[in-house]
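Presented below is the structure to which this report refers.
The values are calculated or read from the model by the stated rules, or taken from the named source; none is laboratory data. The shown structure was predicted, so the numbers you read here are calculated from the model rather than taken from an experiment. Cβ: placed from backbone, ideal geometry, glycine included. Neighbour counts: every protein chain shown. For accessibility, only protein heavy atoms count, side chains too; no ligands or nucleic acids. Shrake-Rupley method; radii C 1.70, N 1.55, O 1.52, S 1.80 Å.
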Amino acid sequence: MDRSTPVTANRSGRLRHAVSLLLCCLNLSGCWNSSSQQQSQREDAAAAAQAEEQARASQSRGLCGEAIAPALGLKLAMAQQQQQQGRLYAALAGLNTLDSDSPTYRLVRADLLRRLGQYEQARGLYQQLQSSCLAGRALYGLGLIAAWQGQVADALRQLDQAVKLAPTQADLRNDYGFLLLMSGQDQAARSQLMTALELDGNHTTAARNLWFLLLKDGDQSAADALARRFRWSAAEQGQMLTAIQHFVPLRGLTAGQS
């Protein structure tokens, strides 16, 4: 996506900060020692067994119903397990041994590349998927890339399209709601975050984003009910209130700005 108009350094800094909150799950440990290697080997063995079981259970069908060879199915399941463990480079290394036109393979690979910051490669794969049954997931990925790159208006547009195509994805609803919140669209944000939480009652990220919004808007009763449900402490509420005091919504953005 082209950027047509530059913005001030302050706004760019706030955009980068806002986007970093959206995908905080990418924090990776830089520590590596012999004990962690042994732990990794044990995790690999367990993940391989679980991946093999998942591959068998899936009856060798991909997300679009395409036929998946057993070897490919096993590799994809293993990559997804490693991705869930935060072992993104290991997952990508496994996928690099494969060559497939499967939409499922392209989505798994695109998600990995995006999470590793390899945006151009990820964008190309997502664009290929826009004509498949995974168009909603593809637009979701494109929206996250746009958000990371500070193109908030483009991100909002793509996430809105993604929600229409994949309305039951709780993570998508949460991320869209968060970006709406950051851009000052509180009512729309509340709708998305509440939907995310109803789709997945244990989605703590959506719950915290909704809690922030409720406290910011002065809906103390609803905020207290949510805090009791998730057993958040008074200290955590104090931290949230401090964050609210420094919150400034991102306004006046047009497509292509960063």
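Spread over its residues, the convex hull of the C-alpha atoms of segment 82-169 is 91 Å³ per residue.
Considering only protein heavy atoms and a 1.4 Å probe, what is the carbon-and-sulfur percentage of the accessible area of segment 150-239? Each step should come with its number before you reach the end.
Details: 1840 of 4090 Å².
Taking all protein chains in place, segment 150-239 shows 45 percent carbon and sulfur surface.
Dividing the convex hull volume of the alpha carbon atoms of segment 80-226 by its residue count gives 109 Å³ per residue. The base-10 log of I(q)/I(0) for segment 165-258, evaluated at q = 0.22 Å⁻¹, reads -1.12 [Debye formula, identical scatterers on Cα atoms, solvent excluded].
In this structure segment 157-231 gives 47 Å² per residue of accessible area when probed at 1.4 Å with all protein chains present.
Using the average count of surrounding beta-carbon atoms within 10 Å as a protection proxy, the listed peptides 64-75, 180-191 rank, highest first, as 180-191, 64-75.
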